[in-house]
1. Of everything in the range 43-57 that's among the hydrophobic types (A, V, I, L, M, F, W, C) and over 9 Å from Gly178 (Cβ atoms), which residue is surrounded by the fewest Cβ atoms within 10 Å (Cβ to Cβ)?
2. Scan the range 75-118 for residues that are of a type in the set (Lys, Arg) and either in contact with a Cys (Cβ under 7 Å, 6 or more places away or on another chain) or surrounded by 15 or more Cβ atoms within 10 Å (Cβ to Cβ) (or both) and jot them down.
3. Go through the range 25-52 and count every residue that is out of contact with any Lys or Arg (no Cβ under 9 Å at 6 or more places or on another chain), under 30 Å from Tyr173 (Cβ atoms) and in a strand (DSSP E or B).
4. Which one is nearest to the chain's Cα centre (by Cα) among residues in the range 113-125 that are within 14 Å of Ser160 (Cα to Cα) and either touching a residue at least 40 places away in the same chain (Cβ under 8 Å) or outside any strand (DSSP E or B) (or both)?
5. Tally the residues that are surrounded by 15 or more Cβ atoms within 10 Å (Cβ to Cβ) and farther than 19 Å from Phe53 by Cβ, restricting the search to the range 175-192.
6. What are the pairs with Cβ atoms under 7 angstrom where one residue, in the range 168-189, is within 17 Å of Phe142 (Cβ to Cβ) and the other, located anywhere, is surrounded by fewer than 16 Cβ atoms within 10 Å (Cβ to Cβ)? Sequence gap at least six, or different chains.
Amino acid sequence: MTQLTKLFAAASLACVFASSAFAAPETYGLDPNHTFANFSYSHMGLSSQISKFSKTSGTVVYDKVAKTGSVDVIIDMKSVDTGSNLFNGHIQGGDFLDTEKYPTATFKSTKVVFEGDKPATIEGNLTIKGVTKPVTLTVTHFKNMEHPMLKKDAIGANASTAIKRTEFNAGKYAPLVGDDVTITISLEAVKQ
């Protein structure tokens, strides 16, 4: 091989590696049928209650090569499902979620920390009832693969954080009804 041919071959190979190393971030839309925000708390020390919000939307931006990402989640607070229609209405009142005035809650990430090829924590701002506080979600599960039915790239993840509801002006009956609330987001998102 001549020197010129070797130089062209090396330059071509460098371009291939450079283009893959600078892959652009990709945006994934949350699947509303497989994305839920759950919350749990102690009910007077008698039991741990687990409820969910059944309407969630948003996006995930993920760059596999650069190991960066972002998460933007909107929770419809009126979609609360406690398992009791009576309590669903009660928890939406002014003493708790006040969904007439604050129909949504949001989480917007500020930093995603990776361990190896997977996100380990997601730092961001959680807004409930107009109050915004920094929180860190711990990722307990993450999977990136082709969706077997949609044949598109997809992401699945579970992540959780703990908050004090009194800090979000939703502290009625605390501490008898637990102030500590664990929020878990189980999501699936499909590449747009």
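1. Here is the first cut: in the range 43-57, the residues among the hydrophobic types (A, V, I, L, M, F, W, C) are 44, 46, 50, 53.
Now restrict to residues that are over 9 Å from Gly178 (Cβ atoms): 46, 50, 53.
Values: Leu46: 7, Ile50: 13, Phe53: 22.
So, considering only residues that are among the hydrophobic types (A, V, I, L, M, F, W, C) and over 9 Å from Gly178 (Cβ atoms), the one surrounded by the fewest Cβ atoms within 10 Å (Cβ to Cβ) is Leu46.
2. To start, the set of residues in the range 75-118 that are of a type in the set (Lys, Arg) comprises 78, 101, 108, 111, 118.
Within the range 75-118, Lys78, Lys108 qualify.
3. Number satisfying all stated conditions: 9.
4. Keep residues of the range 113-125 that are within 14 Å of Ser160 (Cα to Cα), which gives 119-125.
Checking which are either touching a residue at least 40 places away in the same chain (Cβ under 8 Å) or outside any strand (DSSP E or B) (or both) leaves us with 119, 122, 124.
Details: Pro119: 11, Ile122: 8, Gly124: 10 Å.
Across the range 113-125, the extreme among qualifying residues is Ile122.
5. Taking the range 175-192 and keeping what is surrounded by 15 or more Cβ atoms within 10 Å (Cβ to Cβ), we get 177-179, 181-191.
Then keep just the ones that are farther than 19 Å from Phe53 by Cβ; that gives 179, 190-191.
Number of matching residues: 3.
6. Glu188/His34; Ala189/Gly29
Just so you know, all these numbers are worked out from the coordinates, no wet-lab data involved. Because the structure is predicted, anything quoted here is derived from the model rather than measured. Every residue, glycine as well, gets a Cβ built from its backbone with ideal geometry; the counts of neighbours run over all protein chains shown.
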